[in-house]
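Working notes, beginning with the structure itself.
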Amino acid sequence: MNTLLTHLPADNIALWVSAAGLEPPYYHFYTDSDGSQELSKLIFNTNNSHTFYRLNEETSHPFFISDIGYKQTSSDAILITGDGTPSTGITGDQTFKVEFVEAAGAIEELLYYCTSHTSMLGEFIVSAAENHNPGISTAHDEINRSTAASSINFSDNYTKSYKAELKFLQQYPKEDGRIKITFEPDNGRPNVDDSDPTATYQHIAGLSSPYAVSSPAAPGANARTTLVPRDSIGQHLNGSAGGTIEYIHPDASGENTATRVHFSLNNIGHVVSIDEPDLARLNANSNIDRGINTTSGSDAVAGDDYKQFLEIVPSETSEGGLSVFFSGTTATGDTFYIRSLHSASISWAESRSVTSSLR
């Protein structure tokens with residue numbers, strides 16, 4: 001049973017917290033001590049107070065919250081009483097209560113986190129309304145262009161965008177059919193340095209695209225990608241390269257159906273020697289101008305950390321770039337559209353503002 005945090009004013013909501021591990025969502029939240037009624041949407045109504053317990057008195061991954069930042073003492077907008085501190089969290093039979101002193105508009109964020117692992121953090125939605133619509137939101141961070149790409153991380157460099165992404169994704173739990181699309185081999189993409197360990201990029205658009213010959217089909221990948229042949233045109237050298245890559249994600253039902261998304265590149269190219277156009281690989285020796293990978297985890301196909309990203313280099317003489325379509329005509333000529341698309345979360349990197357999340 002999924003429960004939304006909306007109750008009559010002045011209620012105290014009891015929540016039991018269970019650690020999920022070092023991968024998202026990091027923690028699960030339940031409205032009963034047996035752990036059978038999990039929350040699907042982490043929305044806090046500021047008319048209520050909330051008391052946190054550890055499910056089964058867990059002693060791992062100490063838990064705490066803050067409206068200021070990781071391990072930071074909260075502002076006067078909320079009152080936290082009971083056990084634990086921002087730096088030690090709660091474990092075992094410890095508990096704490098959260099009350100909202102001011103209106104939700106005064107609270108920019110409400111983080112929950114593990115005090116032992118900086119990567120384990122998420123965000124609650126704070127609202128004074130009984131019903132909450134996440135709507136459309138954006139976030140961006142700025143990073144010095146000389147920063148080495150391999151040293152960039154969410155906790156130091158793109159915190160706002162990372163938090164915005166978590167906040168958005170919490171509105172749509174996995175039960176809603178969430179699909180995560182990356183640019184990694186285990187998600188149906190080519191492996192940039194599979195045949196050449198020194199390779200830092202691979203064209204996916206234009207007449208020089210390897211997709212024109214074959215599509216990647218790595219065993220163990222959870223999706224496939226292929227080229228829409230009629231859209232493959234031009235050359236990178238003169239900024240006229242274009243092409244549409246069709247992403248194909250088989251449905252979990254096991255039926256002969258799939259979710260499709262089109263990534264359409266138009267008038268890209270005019271690159272220089274230091275660029276890594278189209279499908280790029282993280283280069284530890286490069287600066288931020290050449291892009292970064294914001295996906296955490298390990299690639300089940302390549303056997304390495306996630307390290308690939310999309311670098312779009314538009315033409316200098318014509319309008320160009322990337323468009324993402326959730327409907328269209330497939331590579332085989334069939335019409336497709338995503339029947340139940342609720343929303344899309346897109347993260348990208350660029351040389352000046354570096355990382356943003358689009359809702």
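General observations
- Charge tally around residue 120: other residues with Cβ under 13 Å, Lys/Arg +1 each, Asp/Glu -1 each, net -1.
- Local electrostatic count at residue 187 - Lys and Arg +1, Asp and Glu -1, tallied over other residues with Cβ under 12 Å: 0
- Here the gap between residue 324 and residue 11, fully extended at 0.36 nm per residue and compared with their Cα-Cα distance, gives a gain of 108.3 nm.
- Here the Karplus relation 6.51 cos²θ - 1.76 cosθ + 1.60, evaluated at θ = phi - 60°, turns the backbone of segment 87-92 into coupling constants of 9, 10, x, 10, 9, x Hz, with x for every Gly and Pro.
- Rounded to whole numbers, the Karplus 3J(HN,Hα) couplings from phi for segment 300-316 are 5, 8, 7, x, 9, 5, 4, 8, 9, 8, 9, 10, 9, 10, x, 4, 8 Hz, using 6.51 cos²θ - 1.76 cosθ + 1.60 with θ = phi - 60°, and x at Gly and Pro.
- Distance between the pseudo-spin-label points of residue 233 and residue 208 (7 Å out from Cα toward the beta carbon): 1.9 nm.
Values quoted throughout were computed directly from the atomic coordinates according to the rules given, and no laboratory measurement underlies them. The structure presented is a predicted model; accordingly, all values stated were derived computationally and were not measured. Methodologically, a virtual Cβ is constructed for each residue, glycine included, from the backbone with ideal geometry; neighbour enumeration extends over all protein chains shown.
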